[in-house]
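So the structure is just underneath, and the comments pick up after that.
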Amino acid sequence: MAKFSRASQKSDEFQAAQVAKALQGTHGSRTIKSDMSIEGHENRLKLAASYMRSVHNMALRDMTVTHAQLYLEQRAEVAETRSTFNTDRGAVYAMLRNQRKLGQREQISVRYERDEIISSRSYTHTQINMIRDRMTPKNALCVEIAHETGLRAHELYTIDKLENQPADIRPEHELKFQGKSDWECYSVDGKGGLIREIRLSPELARRLESHRLLTPVQVRDRAVFYQKKYDLSGGKKFSNAFSAASKRTLGYSNGAHGIRHTYAKTELGRYQQRGVPFVDAKTIVSQELGHFRPDIVDAYLR
C-alpha cells in the first residue's frame, strides 16, 4: 500500500497558501510586495499541489527539480496559452528558489508544446515521401524514422537500442505496439528525461544500424547537449532542413512536427482497424508519442 506523507493529506489549497505565505517578501533577489502577486502564485501552486498529491503521493513543499520538470512538461501540453504556462513556471520557480532547490539563474528546460501542436498540420504519406526525396540521404533517413515512430525532432539525437537504454517503467496499455511484435526495439530520451520505447521495422532498423557511430558524439541543440549514438541529424538543424525541403516541394511547410500529426492519425486508424476502441486507441497513441495525457492527441486530429 502506498504511504502518504502527513503533509500531502492536507488540502491543495492549504498547501498552496502555506508555500505562498513563505514567498511573502522574497522572490529570488526581488521582493514580492503585491498581495495580487502572492494570490496569483497561490492559485497556480494549487495545481502543482494537486499534481504532487495525485501522482507522487507527496506534499507540494517536497517537490524537487525533477518533480518540477515532469509537472511543467504536463502543463506545457495542456495550458491554454503560453502566458498561462509561463505563470505556472514562475510560481514553481519562486517556490524552488525560496527553498534553495533551484539556483537564481538556473532554468528548467521545458518548452511550451501546445503552440507547436496547434500550429502544425499533418501531411499525407505521399507528401512526406516527396519531401524526403528532396533531402540529403542522412536527412531522408531521419524523415523515414520520424514517419515510422512519430519522434520529435530533438529525439532523433537520443535513439539507442532498448537493451542499451532501457525504458522507464510507466503504466502502459497492454495493446501498445500491437502488430509490431516482430519489429526492432529501440528507445529515446524524451520529455522530462523520461525514456520510452519505440519500434522500427526490420528494414529501417538495418539501415539505421549502418549509421551507428563507433564512439558517441556530443551535439548541442537549443542550449541542450545530447550524446548521439548514430550519424543522424536532429533538432533545429533537421527541422530547418525539412521545412526548406517542404517549401521547395509543396510551396509551403507545416514543419517537421507535421510528421507527428501524420503518425498520430495513422496509428489511431491502425489500432481502430484492429478492433481497439477509440478511447483505448487514443491512450496508446498518446503513450507512443511520449505524451502524459491522452487528451493532447485530440490536437493532432484536427
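The values are calculated or read from the model by the stated rules, or taken from the named source; none is laboratory data. All values reported here derive from a predicted model rather than from experimental measurement. No Cβ is skipped: glycine too gets one built from the backbone with ideal geometry, and neighbour counts run over all protein chains shown.
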Report yes if some residue within the range 205-221 is touching a His at 6+ places or on another chain (Cβ under 7 Å) and assigned by TED's automatic domain parsing to the domain that holds H291; otherwise report no.
-> yes
Residues being assigned to a loop (DSSP other than H, G, I, E, B) and among the hydrophobic types (A, V, I, L, M, F, W, C) - total across the range 118-152 = 2
(1) within 17 Å of the chain's Cα centre (by Cα); (2) part of a helix (DSSP H, G or I): which one isn't true of K46, the others all being true?
-> (1)
Is it true that E155 is part of a helix (DSSP H, G or I) and within 16 Å of the chain's Cα centre (by Cα)?
-> yes
Could you check how many residues of the range 189-213 are outside any loop (DSSP other than H, G, I, E, B) and either among the charged types (D, E, K, R) or modelled with pLDDT of 95 or more (or both)?
-> 17
Candidate set from the range 49-87 (those that are surrounded by fewer than 21 Cβ atoms within 10 Å (Cβ to Cβ), of a type in the set (D, E) and in a helix (DSSP H, G or I)); member that is modelled with the lowest pLDDT = E77
P216: touching a residue at least 12 places away in the same chain (Cβ under 8 Å) and over 24 Å from H257 (Cβ atoms), yes or no?
-> yes
With respect to S210, determine if the residue is under 21 Å from M135 (Cα atoms) and among the polar types (S, T, N, Q).
-> yes
Looking at this structure, is E197 assigned by TED's automatic domain parsing to the domain that holds G275, among the charged types (D, E, K, R), under 24 Å from I259 (Cα atoms) and surrounded by 17 or more Cβ atoms within 10 Å (Cβ to Cβ)?
-> yes
Those residues of the range 118-133 which are at pLDDT 95 or above and not hydroxyl-bearing (S, T, Y) amount to H125, Q127, I128, N129, M130, I131, R132, D133
Scanning the range 189-212 residue by residue, the ones that are touching a residue at least 12 places away in the same chain (Cβ under 8 Å) and over 12 Å from Y230 (Cα atoms) total 15
Given G258, G190, G235, which one is on the phi > 0 side of the Ramachandran plot and surrounded by 20 or more Cβ atoms within 10 Å (Cβ to Cβ)?
-> G235
Which members of the range 219-256 meet the condition of being in contact (Cβ under 8 Å) with a residue 40 or more places away in the chain, assigned to a helix (DSSP H, G or I) and over 17 Å from T158 (Cα atoms)?
-> A241, F242, A245, S246, R248, T249, L250
Kindly indicate whether R260 is at pLDDT below 95, among the charged types (D, E, K, R), closer than 23 Å to T126 by Cβ and part of a helix (DSSP H, G or I).
-> yes
